[in-house]
Amino acid sequence: MKLTTPIKIDLLEFFKTGKFDYLKLGQTKEWIVNNFPDPDCYDPDFLAEEVNVWTYGGIELLFENKKLYAIFSDYWYEGKLDGSSQLELNKWIFEDVSQLNLLFVLTKLNEHNIDYKKKTDNLGILLRLNSGIELTFENVDDVEGLNSNDYQLTSFALIAENPYRWKE
């Protein structure tokens, strides 16, 4: 579906509520193609089983068995997160992704009363917001002894919680 004006997505609101226009996890490709703008490189094969990633600038819709299982981003061009011709992003903290270390992001989440739980493991740090968004932080340059507050945000996703990941 082509729109004359792009859909506006507020990333602060997305982080607070998990709201991404009318998309919800579990919706089918067919529902999305009929109710949401076409992806950047749309063609009829997008309804096929084997096409499982739809892109909108730096935002991806991920599908499994023709159902949406995540709204994801780890693809930040030239230091910023871009929308597309069909999505206009209010970028919030993503105007300059170079500042997105753990301490900065925790400060911003706390300023906006966004609750989360935190898990640290040998891969990095995972925050799960009450909205269902997961944020992944890593020591991207593999700096020995790096303070975890300096780990960089490497991805975010609205995704169903994996209970095994949160077991102690």
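For the range 125-140, check the following and say yes or no: at least one residue is basic (Lys, Arg) and more than 16 Å from the chain's Cα centre (by Cα). No, there is no match, as no residue in the range 125-140 is basic (Lys, Arg) and more than 16 Å from the chain's Cα centre (by Cα).
Restricted to the range 52-85, and to residues there that are modelled with pLDDT of 95 or more and among the small types (Gly, Ala, Ser), the residue that is surrounded by the fewest Cβ atoms within 10 Å (Cβ to Cβ) is 70.
For residue 48, the criteria (1) at pLDDT 90 or above; (2) surrounded by fewer than 18 Cβ atoms within 10 Å (Cβ to Cβ) hold in every case but one, which is (1). Among the residues making up the range 151-168, those that are out of contact with any helix residue (DSSP H, G or I) (no Cβ under 7 Å at 6 or more places or on another chain) and farther than 20 Å from residue 16 by Cα are 152, 163, 164, 165, 166, 167, 168.
Scan the range 134-141 and tell me whether some residue there is touching a residue at least 12 places away in the same chain (Cβ under 8 Å), of a type in the set (Phe, Trp, Tyr), in contact with a Gly (Cβ under 9 Å, 6 or more places away or on another chain) and within 20 Å of residue 59 (Cα to Cα). Step through it out loud before you land on a result.
Looking only at the range 134-141, we keep the residues that are touching a residue at least 12 places away in the same chain (Cβ under 8 Å), and these are 134-140.
After this cut, where a residue has to be of a type in the set (Phe, Trp, Tyr) as well, the list is 137.
Checking which are in contact with a Gly (Cβ under 9 Å, 6 or more places away or on another chain) leaves us with 137.
Within this subset, residues satisfying the condition of being within 20 Å of residue 59 (Cα to Cα) are 137.
Yes, there is a match, as at least one residue in the range 134-141 is touching a residue at least 12 places away in the same chain (Cβ under 8 Å), of a type in the set (Phe, Trp, Tyr), in contact with a Gly (Cβ under 9 Å, 6 or more places away or on another chain) and within 20 Å of residue 59 (Cα to Cα).
Of all residues being hydroxyl-bearing (Ser, Thr, Tyr) and assigned to a loop (DSSP other than H, G, I, E, B) in the range 4-34, which is farthest from residue 110 (Cα to Cα)? Just the residue, please. By that ranking, first place goes to 4.
Cβ-Cβ distances below 6 Å connect the following pairs, each with a first residue in the range 20-43 that is more than 15 Å from residue 84 (Cα to Cα), a second residue that is basic (Lys, Arg), and a separation of six or more residues or different chains: 26/67; 28/66; 28/67; 29/66.
The values are calculated or read from the model by the stated rules, or taken from the named source; none is laboratory data. Everything numeric in this text was worked out from a predicted model, so none of it was measured. Ideal geometry is used to build each Cβ from the backbone, glycine not excepted, and the neighbour counts take in all protein chains shown.
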